[in-house]
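S.K.: Just dropping this structure here.
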Amino acid sequence: MTTDPLVTDPRSDVTPAASTPALTFDSGGEKLLGVLHVPAGPGPHPVAVLLHGFPGNERNFDLAQALRRAGYAALVFHYRGSWGVGGSWSWGHVLEDAAAVVTAVRNPAVAAAHRLDPRRVAVIGHSLGGFAALMTAAADPSITAVASIAGFDFGSAAAACRATPSLRATYVEAFEGGLLPLRNTSGEALVAEMEAAGDAWRLAGLAPRLADRPVLLVGTGRDTVTPAAMHHQPVVEAYRAHPVTTLEHHVFATDHALSDHRVALARTVLGFLDRHVGKARPGTD
């Protein structure tokens, strides 16, 4: 019998039991706060690192729970300078923190303590997290698979800001609106950092470094934050042209948070991981 992890809990007699330990990770001299959703069963379990967006109002805990029921250990954490974590917020620190956490879950002591499989690590991100997921996977060829959900293409946004001063002012204002849970930054500083990185942060340019890995790109058709025409379709076209040989891509008719497509999103992500990362689903015969 196979259960549906979106609607069915695993059997209660599976041991060791599922658990949700709080973890900390060192990055840039600060302690990052995270929570790991460990499936039932002896494992070792494949790992999905979930990267939230800016500033982190949507942290995709529904995905973490569904992933756990499906046999994946799912980690959610906060970046430096956000939501009570020490240090300063910046886009560069987000990239450093994502890389540090991926390294940490592969640590033999961490993997043994939580029944993790360090050879099967996927990175899944939303919005800013989608950008960070693709950048992190491009820099780390040992990451098994990567998924970007409504990913924000900082390189394309930087080019648009340079070309249109009024648009630049809109970005400064938009970033200012998300600063309440963040420390030691400003809308102007965040736009300036994006502009300074320029094309190095253009997601289309990552195609050569992702060509041999499974990549999932999910776009959003009613999205004013990462409209698909700017942030999704050019990336898909670049990855198809290179090609990224194991590319899956979808556009859902929904908003930036995928507010009315959470079940569809979970099924899409789980299907992608099951095809390319593999799992041993707890509580099934």
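The values are calculated or read from the model by the stated rules, or taken from the named source; none is laboratory data. Source: prediction; values computed, not measured. Here the Cβ positions follow ideal geometry from the backbone for every residue, glycine too, while neighbour counts run over all protein chains shown.
S.K.: Which pairs do you get when a residue that is hydroxyl-bearing (Ser, Thr, Tyr), found in segment 6-18, comes within reach of a residue that is modelled with pLDDT of 90 or more, reach meaning Cβ atoms under 8 angstrom, with the pair 6+ apart or on two chains?
M.R.: Thr8/Arg69; Thr15/Ala40; Thr15/Gly41; Thr15/Pro42
S.K.: Please pick out the residue among Leu63, Leu67, Leu50, Leu75 that is within 12 Å of the chain's Cα centre (by Cα) and either free of Cβ contacts under 8 Å to residues at least 12 places away in the same chain or part of a helix (DSSP H, G or I) (or both).
M.R.: On the way: Leu67 fails: within 12 Å of the chain's Cα centre (by Cα); Leu50 fails: either free of Cβ contacts under 8 Å to residues at least 12 places away in the same chain or part of a helix (DSSP H, G or I) (or both); Leu75 fails: either free of Cβ contacts under 8 Å to residues at least 12 places away in the same chain or part of a helix (DSSP H, G or I) (or both).
Being within 12 Å of the chain's Cα centre (by Cα) and either free of Cβ contacts under 8 Å to residues at least 12 places away in the same chain or part of a helix (DSSP H, G or I) (or both) holds for just one of Leu63, Leu67, Leu50, Leu75, which is Leu63.
S.K.: Same structure again: Any chance segment 1-14 includes a residue that's part of a loop (DSSP other than H, G, I, E, B), more than 19 Å from Val121 (Cα to Cα) and among the small types (Gly, Ala, Ser)?
M.R.: Residues of segment 1-14 part of a loop (DSSP other than H, G, I, E, B): 1-14.
Next, only the ones that are more than 19 Å from Val121 (Cα to Cα) stay: 1-14.
In the following step, the residues that additionally are among the small types (Gly, Ala, Ser) were identified as 12.
Within segment 1-14, one or more residues are part of a loop (DSSP other than H, G, I, E, B), more than 19 Å from Val121 (Cα to Cα) and among the small types (Gly, Ala, Ser).
S.K.: Shifting gears a bit: Buried (at least 19 other Cβ atoms within 10 Å of the Cβ), modelled with pLDDT of 95 or more and either outside any helix (DSSP H, G or I) or β-branched (Val, Ile, Thr) (or both), is that true of Val172? Step through it out loud before you land on a result.
M.R.: On the way: buried (at least 19 other Cβ atoms within 10 Å of the Cβ): no; modelled with pLDDT of 95 or more: yes; either outside any helix (DSSP H, G or I) or β-branched (Val, Ile, Thr) (or both): yes.
In short, no.
S.K.: Specify which of the listed residues (Gly87, Gly34, Gly43) is under 27 Å from Arg267 (Cβ atoms) and touching an Asp or Glu at 6+ places or on another chain (Cβ under 8 Å).
M.R.: Details: Gly87 fails: under 27 Å from Arg267 (Cβ atoms); Gly34 fails: touching an Asp or Glu at 6+ places or on another chain (Cβ under 8 Å).
Residue meeting the stated conditions: Gly43.
S.K.: Can you work out which of the residues in segment 237-260 that are assigned to a helix (DSSP H, G or I) and of a type outside the set (D, E, K, R) is nearest to Thr144 (Cα to Cα)? Write out each step before concluding.
M.R.: Looking only at segment 237-260, we keep the residues that are assigned to a helix (DSSP H, G or I), and these are 237-241.
Remaining after also requiring of a type outside the set (D, E, K, R): 238-239, 241.
Values: Ala238: 21, Tyr239: 17, Ala241: 22 Å.
Only one residue fits best here, namely Tyr239.
S.K.: For segment 145-169, give me each residue that is surrounded by 21 or more Cβ atoms within 10 Å (Cβ to Cβ) and more than 16 Å from Gly198 (Cα to Cα).
M.R.: Matches in segment 145-169: Ala145, Val146, Ala147, Ser148, Ile149, Ala150, Gly151.
S.K.: Can you tell me which of Glu58, Glu96 is of a type outside the set (Gly, Ala, Ser) and either part of a helix (DSSP H, G or I) or free of Cβ contacts under 8 Å to residues at least 60 places away in the same chain (or both)? It would help to see each step written out before you state the result.
M.R.: Numbers: Glu58 fails: either part of a helix (DSSP H, G or I) or free of Cβ contacts under 8 Å to residues at least 60 places away in the same chain (or both).
Result of the check over Glu58, Glu96: Glu96.
S.K.: Take segment 223-239 and flag every residue that is in contact with a Phe, Trp or Tyr (Cβ under 9 Å, 6 or more places away or on another chain) and either over 23 Å from Ala211 (Cβ atoms) or aromatic (Phe, Trp, Tyr) (or both). Break it down into steps so the answer makes sense when it comes.
M.R.: Of all residues in segment 223-239, those in contact with a Phe, Trp or Tyr (Cβ under 9 Å, 6 or more places away or on another chain) come to 225-226, 231.
Result: Val225, Thr226.
S.K.: Among the residues of segment 2-46, count how many are at positive phi and either surrounded by fewer than 12 Cβ atoms within 10 Å (Cβ to Cβ) or touching a helix residue (DSSP H, G or I) at 6+ places or on another chain (Cβ under 9 Å) (or both). Spell out how you get there, then give the answer.
M.R.: Quick first cut of segment 2-46, residues at positive phi only: 28-29, 41, 43.
Restricting the remaining residues to those that are either surrounded by fewer than 12 Cβ atoms within 10 Å (Cβ to Cβ) or touching a helix residue (DSSP H, G or I) at 6+ places or on another chain (Cβ under 9 Å) (or both) gives 28-29, 43.
Residues in segment 2-46 being at positive phi and either surrounded by fewer than 12 Cβ atoms within 10 Å (Cβ to Cβ) or touching a helix residue (DSSP H, G or I) at 6+ places or on another chain (Cβ under 9 Å) (or both): 3 in total.
S.K.: Let me ask another. So Val102 passes all but one of these: (1) closer than 30 Å to Thr15 by Cα; (2) touching a residue at least 24 places away in the same chain (Cβ under 8 Å); (3) not in a helix (DSSP H, G or I). Which condition number does it fail?
M.R.: (3)
S.K.: Sticking with this one: Name the one entry in Val94, Val123 that is surrounded by 23 or more Cβ atoms within 10 Å (Cβ to Cβ) and either farther than 27 Å from Ala18 by Cα or over 14 Å from the mean Cα position of the chain (by Cα) (or both). Break it down into steps so the answer makes sense when it comes.
M.R.: Working: Val123 fails: either farther than 27 Å from Ala18 by Cα or over 14 Å from the mean Cα position of the chain (by Cα) (or both).
Exactly one of Val94, Val123 is surrounded by 23 or more Cβ atoms within 10 Å (Cβ to Cβ) and either farther than 27 Å from Ala18 by Cα or over 14 Å from the mean Cα position of the chain (by Cα) (or both), namely Val94.
S.K.: Yes or no: Pro234 in a helix (DSSP H, G or I), out of contact with any strand residue (DSSP E or B) (no Cβ under 7 Å at 6 or more places or on another chain) and within 18 Å of Ser127 (Cβ to Cβ)?
M.R.: Working: in a helix (DSSP H, G or I): yes; out of contact with any strand residue (DSSP E or B) (no Cβ under 7 Å at 6 or more places or on another chain): yes; within 18 Å of Ser127 (Cβ to Cβ): yes.
So Pro234 passes the test.
S.K.: Is there a residue being over 16 Å from Pro46 (Cβ atoms) and of a type in the set (Phe, Trp, Tyr) anywhere in segment 272-280? Give the derivation first.
M.R.: Applying the first criterion (over 16 Å from Pro46 (Cβ atoms)) to segment 272-280 yields none.
Taking every residue of segment 272-280 in turn, none turns out to be over 16 Å from Pro46 (Cβ atoms) and of a type in the set (Phe, Trp, Tyr).
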